[in-house]
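Participant: I'd like to ask some things about the structure below.
The values are calculated or read from the model by the stated rules, or taken from the named source; none is laboratory data. All values reported here derive from a predicted model rather than from experimental measurement.
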Amino acid sequence: MSDLITTEMLVKALPPNLKSNATQELADMVNNITTDQQAAENIRDNFISYTGVLQDGKFKTEDYLSAVAYVSYKLMGSSNEDAYFKTFPNRYQKLLANGTAKKDIASYVAAYAKGKLVNRIMEQTIVPSWVLNQDLYQKALNVQADLMVNAHSEKVRSDAANSLLTHLTKPKEAGPLINIDMRENSGMAELTKAITDLAQKQIEAVKNGASVKELAAHNIMDIEVKDVS
C-alpha cells in the first residue's frame, strides 16, 4: 500500500470504539510521520495492518502511531535506540540539549521497547516458524518417503513409514491463523490415500519379513491409461 492514508481508510481500519478518531488530522499525522519515503510506506502499511491491538480501547491512536513507527523501524533493521530516535526526534534532541547522560537515555529507550503497546504490535509481526520453514518440512517428508521404500534396514523403513503416517494424518481441527484454500481435488486425494496405504502396508510387510527388493518394487499408484476419444 504505497498510497497515502485517507479518512475512509481509517474508518475501515479502526475498531468501532475509535472510528470517531478517523479525521483528516490523524490521516495527515500518519502520512507525514517521516520524510523517508520507504519508511513512510512501511509505517502506513503497518498502521492499517495492526489496528487490531486497539480493540480493547486502552491505547490512544497517537500513541499507537508512534509505536507502529518504532516497530516499523525495528523491522527495517534499526537498533532500539535508532528506532526510538527516529520515532521521537524532538524528544531525542531535547534529551541531548538537557545534557541527559547516555545511560539515562538508554534506560528510557529500554523502557519504551518493553512497553505493552510496542510488544502487542511486535506480536502481530511474528510469522510462525512452520510457515517460514514449509520448504524444509516438504524436504523432510521426501526423505522419509525415500527411506520407507529404499532403506536397507527394516527398522529404518518401519520408522520412516510411521513418521509419514503421523505427519500426513489430516488434522482434527484447522486453526484460523491463515485463510488458504486447502480443498483437495480428486487426484490429490487419491495420491494422499495411496501414500498412506503404502506406508501402512510397508509396516505390515516388514513385520511379516518381506525383503527389501520386494518392497522397493512396489508402485505407489497403478495408473491405467484410457482412451477417451
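Participant: Can you tell me which of (1) modelled with pLDDT under 65; (2) assigned by TED's automatic domain parsing to the domain that holds Tyr70 is the one Ile121 doesn't meet?
Facilitator: (1)
Participant: Having 3 or more residues that are closer than 20 Å to Thr125 by Cα is the bar; report the helices (runs of 4 or more DSSP H) wholly within the range 1-107 that clear it.
Facilitator: Ranges flagged: 37-49, 61-75, 80-87.
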